[in-house]
1. What's the number of the condition A:ALA306 fails, among (1) hydrophobic (A, V, I, L, M, F, W, C); (2) within 28 Å of A:GLY200 (Cβ to Cβ); (3) within 12 Å of another protein chain (Cβ to nearest Cβ)?
2. From the residues in segment A:337-353 that are crowded, with 24+ Cβ neighbours inside 10 Å and more than 10 Å from chain B (Cβ to nearest Cβ), which one is farthest from A:LEU113 (Cα to Cα)?
3. I'd like to know if segment B:242-254 contains one or more residues that are farther than 16 Å from B:LEU218 by Cβ and crowded, with 20+ Cβ neighbours inside 10 Å.
4. Regarding B:VAL73, is this residue within 30 Å of B:LEU260 (Cα to Cα), of a type in the set (A, V, I, L, M), over 26 Å from the mean Cα position of the chain (by Cα) and at pLDDT 75 or above?
5. Restricting attention to segment A:202-229, which residues are more than 14 Å from chain B (Cβ to nearest Cβ) and not in a helix (DSSP H, G or I)?
6. If you go through segment B:150-192, how many residues are of a type outside the set (A, V, I, L, M) and at pLDDT 75 or above?
7. Check whether at least one residue in segment B:311-318 is within 13 Å of chain A (Cβ to nearest Cβ), closer than 30 Å to B:GLN80 by Cβ, of a type in the set (S, T, N, Q) and part of a helix (DSSP H, G or I), and report yes or no.
Amino acid sequence: MSNDLVHYVSQAPFDPTAIEALTPEQEQFYMASQWRMMWWRLKRHRVAVIAGIVLILSYCSIIVTEFLAPYDLHSRHTEHIYAPPQGLHLFHEGRFVGPFVYGLTYRLDMENLKRVYTPDTRDTQVIRYFCDGDEYEFWGLFKGRTHLVCPARGGTLFLLGTDRLGRDMASRLLYAGRISLTVGLVGIIISFILGITIGGMAGYFGGWVDSVVQRVIEILRSLPELPLWMALSAALPVTWSPILVFLGITVILGFLDWPGLARAVRSKLLALREEDYCTAAKLMGARPGRIIGRHLLPNFMSHLIASATLSIPSMILGETALSFLGLGLRPPVTSFGVLLTEAQNIEAVALYPWLLLPMLPVVVLVLGFNFLGDGLRDAADPYTDL
Amino acid sequence: MLNYLARRFLTVILTLLVISALVFVIIQLPPGDFLSTYMAELESQGEIVSPDKIEHMRRQYGLDKPLIEQYFVWVTGLIQGDLGFSFEYNLPVTEVVGDRLLLSMVLNFATILFIYVVSFPIGVYSATHQYSWGDYGLTLLGFLGLATPNFLLALIMLYFANVYFGTSVGTLMDDVYLNQPWSIDKAISVVEHLWVPVFVIGTSGTAGMIRRLRANLLDELQKQYVITGRAKGLPAGRLLVKYPLRMALNPFVADIGNMLPQVVSGSVIVSAVMSLPTTGPMLLEALKSQDMYLAGSFVMFLALLTVIGIFISDLLLTALDPRIRMHGTAQR
């Protein structure tokens, strides 16, 4: 020991919690609720966030469809049948005039009887905003005429073209989104409730209840979905009103979708019901419904919501397929599938390809739900690092 | 082992019984029966139907018996290969169907084959080259494949075939072979036409399969025995084929249970869109005209196809996975 150590004594009073003490940020981090942590993890998943924003915007748009759509769902423009999409322009002859479209001049091609529309570059029709257009009943509550955008006076505004009856595709797409998105949401709520109840009972009680539920799930999962959906919706009475048919289809979709969720709930509950806190609740006299709903389900609610998000697309696709085949919704109720029935005539589609446009929102929605669901599932996993 | 097989076989029988009951309920669901629809149609055409004739037809088709009895008549008929009677065509269902059932089976089988053949190399590539550009590109393609519903894909194919080739892809054989007895030439023609619908139906299944195989193989590749193998100096290719790939293959086979209902559903709607001579379009027609015996037979046939397919995949899995042979339970 050549160089002596200096004898050092700290004069500060001893604080036994010094090491465990947390800075305010750390405290916020460690005390964060499960949902808050899920939100943090989700935020890092860029694609999921974008998908979520797109979906939220879509669902917001269905609240104010009447206001957003330039035309009514059923308003027909007999002099503009199968008109092509009118491109939006900003500059006319090098001069800025704001968003406008060129008017269309119509000619019938006598050779193949195709309707030919050519944009007339002298006729600039500037779009108006917050203007009066087709009259509508807002959610059937009160009448209104105000639209976000309208065509110029005496002009037209078919941003996505028109169909066989001269109805504006853009407006029809907006209205169809309202129905298709609602089908997905209502269907998943039905299947969610069924899945939790049935799967919860199977997992909690076990025994014969479990065996029966297991068999039912196995059978339902081994059935090809679509033929069954088709058969069931064909069995809906023809006399039902379109609204009733809409409800019927939604219920059918929801009733055949629960096995996946029920399976997840069951397998989790089988493990969780052996936990001490569950026994404690039982000893204190809690009823099964309370134990399942209050003590067991919250453990994996986030996970359930993620899987529910992932199964919404199959509902939307199911409804689209059924309506497309003519077994689902019927006009005047309009969904993406109903719009696509116009595209069944492939000769018409070859001449007027914009009839295929309703595909686009379907694909975007399905992708959106898939990305968001994937992100939620990763975020709901408590073992990933923050 | 035998015990397991026997139990599995019993489950198949039970499942089929329950499905048949379900299908029968669906057949009976629409208000009124085919005869009342038929009568209404005749009357709308101005024809007068005598009550005697109706009563006669009702008895002939067994519609006057109680439901349970009708069900048993139908089920025993099914077992004996008698699929019931199509009111719409006024012919036994077996004759209406012709070789549609066979073509349906061929189509579904070819699709499953397609899914395996395409997804296997891609899945292995994606897993072994994780986060490479190839992996990202294939993943993106896979997502698109998953998100595009197959009937829309069918529409797009029809559209492009119409616009660029001026032909229709909506057939399964050259026109000359329609309604001809089976021959080598006809079979060849079918094989030549099969690839378009097979591609359309198989896309989403392939995309899903690639994702699952990739995930499974990635899990295996991280395990210690792989590191051990590598440390021993096994060549990469040999190591991959010898251990992790075999492990990742089990879920690959087991997944047929999820895939088969999907493929059968897909083939129905794609056939309807492309009007292929399989069960799809006819099922749709039958449902629309509420010719419920015909429709019921089709649904029953499709369910049978799925259940038997899953059974076969379980047998394959038993051969592949010793754990099932030893313990008698499938571990999925």
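The values are calculated or read from the model by the stated rules, or taken from the named source; none is laboratory data. Given the structure is predicted, the values throughout are model-derived calculations rather than measurements. All Cβ positions, even for glycine, are placed from backbone atoms using ideal geometry, and neighbour counts span all protein chains on display.
1. Against the list (1) hydrophobic (A, V, I, L, M, F, W, C); (2) within 28 Å of A:GLY200 (Cβ to Cβ); (3) within 12 Å of another protein chain (Cβ to nearest Cβ), A:ALA306 comes up short only on (3).
2. A:VAL338
3. Within segment B:242-254, the subset farther than 16 Å from B:LEU218 by Cβ is B:242, B:253-254.
Now restrict to residues that are crowded, with 20+ Cβ neighbours inside 10 Å: B:254.
Within segment B:242-254 (the criterion being farther than 16 Å from B:LEU218 by Cβ and crowded, with 20+ Cβ neighbours inside 10 Å), the answer is yes, since at least one residue qualifies.
4. yes
5. Of the residues in segment A:202-229, the ones more than 14 Å from chain B (Cβ to nearest Cβ) are A:202-210.
Answer for segment A:202-229, where residues must be more than 14 Å from chain B (Cβ to nearest Cβ) and not in a helix (DSSP H, G or I): just A:GLY206.
6. In the first step, residues of segment B:150-192 are kept if they are of a type outside the set (A, V, I, L, M); the result is B:150-151, B:159-160, B:162, B:164-168, B:170-171, B:174-175, B:177, B:179-183, B:185-186, B:189, B:192.
From what's left, at pLDDT 75 or above: B:150-151, B:159-160, B:162, B:164.
Adding up the residues that qualify gives 6.
7. So the first thing to find is which residues in segment B:311-318 are within 13 Å of chain A (Cβ to nearest Cβ), and the list is B:311-314.
Next cut, closer than 30 Å to B:GLN80 by Cβ only: B:311-314.
Subsequent filtering for residues that are of a type in the set (S, T, N, Q) retains B:313.
Keeping just the survivors that are part of a helix (DSSP H, G or I) gives B:313.
Checking segment B:311-318: at least one residue is within 13 Å of chain A (Cβ to nearest Cβ), closer than 30 Å to B:GLN80 by Cβ, of a type in the set (S, T, N, Q) and part of a helix (DSSP H, G or I).
Let's see how each residue does on (1) loosely packed, with under 11 Cβ neighbours inside 10 Å; (2) closer than 24 Å to A:PHE67 by Cα; (3) in contact with a Leu (Cβ under 7 Å, 6 or more places away or on another chain):
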residue: A:ASP109; (1), (2), (3): yes, no, no
residue: A:ILE127; (1), (2), (3): no, yes, yes
residue: A:TYR136; (1), (2), (3): no, yes, no
residue: A:GLY140; (1), (2), (3): yes, yes, no
residue: A:ARG153; (1), (2), (3): yes, yes, no
